[in-house]
1. Against the longest principal axis of the chain, how steep is helix 32-43, in degrees 0 to 90 to the nearest 10, with axes from Cα atoms?
2. Using modelled amide H (1.01 Å from N, peptide plane; none on Pro or chain starts), what sits under 5 Å from the amide H of R442, excluding residues fewer than 5 places away?
3. Which ³J(HN,Hα) values in Hz, rounded to whole numbers, follow from the phi angles of region 305-321 under the Karplus curve 6.51 cos²θ - 1.76 cosθ + 1.60, where θ = phi - 60° and Gly and Pro get x?
4. Report the full-extension gain for the segment R237 to K183: residue separation times 0.36 nm, less the Cα-Cα distance, to one decimal in nm.
5. Label L94 and E257 with points 7 Å out from Cα along Cα→Cβ: what is the distance between them in nm?
6. On a 23 Å Cα-Cα criterion, which of the cross-link pairs K107/K210; K210/K254; K150/K303; K68/K183; K121/K150; K68/K121 come out too long?
7. Tell me which residues come under 5 Å, amide H to amide H, from S311 once H is placed; ignore anything under 5 positions away on its chain.
8. Output wanted: per-residue J couplings in Hz (rounded whole) for region 222-233, from phi through Karplus 6.51 cos²θ - 1.76 cosθ + 1.60, θ = phi - 60°, x for Gly and Pro.
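The values are calculated or read from the model by the stated rules, or taken from the named source; none is laboratory data. Quick caveat, the model's predicted, so the values are computed rather than measured. No Cβ is skipped: glycine too gets one built from the backbone with ideal geometry, and neighbour counts run over all protein chains shown. Note: areas computed on protein heavy atoms with side chains; ligands, DNA, RNA excluded. Shrake-Rupley method; radii C 1.70, N 1.55, O 1.52, S 1.80 Å.
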Amino acid sequence: MVDKDADIVAAQSEGQFTKAYDYDLIVIGAGSGGVRAGRIAAGYGARVAVIEGDRPGGTCVIRGCVPKKLLVYGASFAGEAEDAAGFGWQIEGLSHSWSDLIAAKDKETARLEGVYRTLLKNAGADLIEGWGHLKGPHEVEVGDTIYTAKRILIAVGGQPSTPDVPGLAEYAITSNEALDLHKRPDHIVIYGSGYIALEFAGIFRAFGSKVDLIYRADLPLRGFDMDVREHIAEALRDRGINLISGRIIAEVKKTAEGHVVTLDDGSVLSPDEVMAATGRAPNINGLGLEAAAIETNARGAIKVDEWSQTSAASVFAVGDVTDRINLTPVAIAEGHAFADTIYGDMPRAVNYDAVPSAVFSQPNIASVGLSQEQAEEVYGRVQIFESRFRAMKNTLSGRPEKTYMKLIVDADTQKILGVHMVGPDAAEIMQGMAIAVKMGARKSDFDAVIGIHPSAAEEFVTMRTPRA
Ligand code: NDP
């Protein structure tokens, strides 16, 4: 049995930095979590190497959050252009070049990759390019070389996972390829209704593609607040996305013209592209976890304790490979806490309460805290305050879309348990709400705040009557 606490304490006392190994710390994976851990550890004086087989920056910077958000920005101008007419603008000859957008996006991700390389260099960490394989609890092989370290941090992230449907893995693109398409599809079928599915449905639709969103549940975004799910389903339909609920894909075939997608009810779609957005899985294939006796759970995620320590005392893991909350800022927080704990004499574990998140669909969705369903289960009696309104901008633009905002309050203590929004700038607004929720705000704290008028956000402090 590994004495983990003793190892943490030993790490904070003398003997921390030792020359017996090539490095004090080897990080496998130069994504958000790994780079943060590596450079903070190096800042405390640790000799650090970061191993990366692909491009430094990882999923978020190279093929996730950042390029996706650039495409979301690009897509948002389509709606702005439509809305502008109501304000007297006459925009003629509007056209869009997909290849110019992809080229601009590629330039920006290349710049950010350079920033990540510089961050590591300036911190004094070595970047070792190649795929790392564990050879033992202190050994990592890259190519023909074996590097040793007192500790190893695994921060290899996740990768798209597709269900076992004939032709799906073979012919469908995933979010990896969707960001690099040379040509925008005229018609795309997107499978799934989670974060990635909704974000890409919004992107392709805004640029003019016909989008069929196929999912097995009744509503998109399983696990989100039910009112939010109902509201976003309507908003997506209003934006022209074809929602096909309660269906699964039975087969995908490729033809000379495109693809043939057969659903479980026998109906057939013929899109140019099929995209699987059916979840992500920990990236553990070929990592050699068995060489260090590192345990995984049923989903293939590396099991860790609150200090991100694995079943092998010298090996730690952060980010999506541990499948805790799979968000970039969480991976960064885990990497930072690991480095502070082990190398900075500041033991601290990440607090996973009230982690806000946003879906960058069009319109945006953002939440912090519990859904109504979760709150009722945990707290019993809750009060719901909500507002559904047509944003001022939409009065002149003529867009029928409504914004939805919801507060979930513990009926006994008046503590705010959950905040949810579907509407423009929801992500920007929710970050501030998250501070209030994290501080344990009560409804009376919200009531005591003067609104900023006219804004959508002011609704959060002017809701007075709970839903009956
Ligand atoms: P999600 O888990 O969000 O959604 C997966 C979707 O695939 C669900 O609709 C799910 O359906 C469906 N699905 C899963 N398995 C099957 C199956 N066997 N057959 C049919 N449908 C299936 O995953 P994503 O891929 O969208 O994103 C992965 C994660 O990445 C997110 O959970 C999030 O943590 C992170 N992310 C965060 C973003 C952000 O913060 N803005 C953006 C993108 C990703 P069902 O609901 O029925 O289970």
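1. Between the helix axis and the principal axis of the chain, the angle is about 40 degrees.
2. I416
3. Coupling constants for region 305-321: 9, 5, 9, 6, 8, 8, 5, 9, 4, 8, 10, 10, 8, 9, x, 4, 5 Hz.
4. Between R237 and K183, full extension yields 17.0 nm more.
5. Distance between label points: 3.0 nm.
6. Over 23 Å apart, Cα to Cα: K107/K210; K68/K121.
7. Placed amide hydrogens put E295 under 5 Å from S311.
8. Running phi through 6.51 cos²θ - 1.76 cosθ + 1.60 with θ = phi - 60° gives 3, x, 7, 4, 4, 5, 5, 5, 5, 5, 5, 4 Hz.
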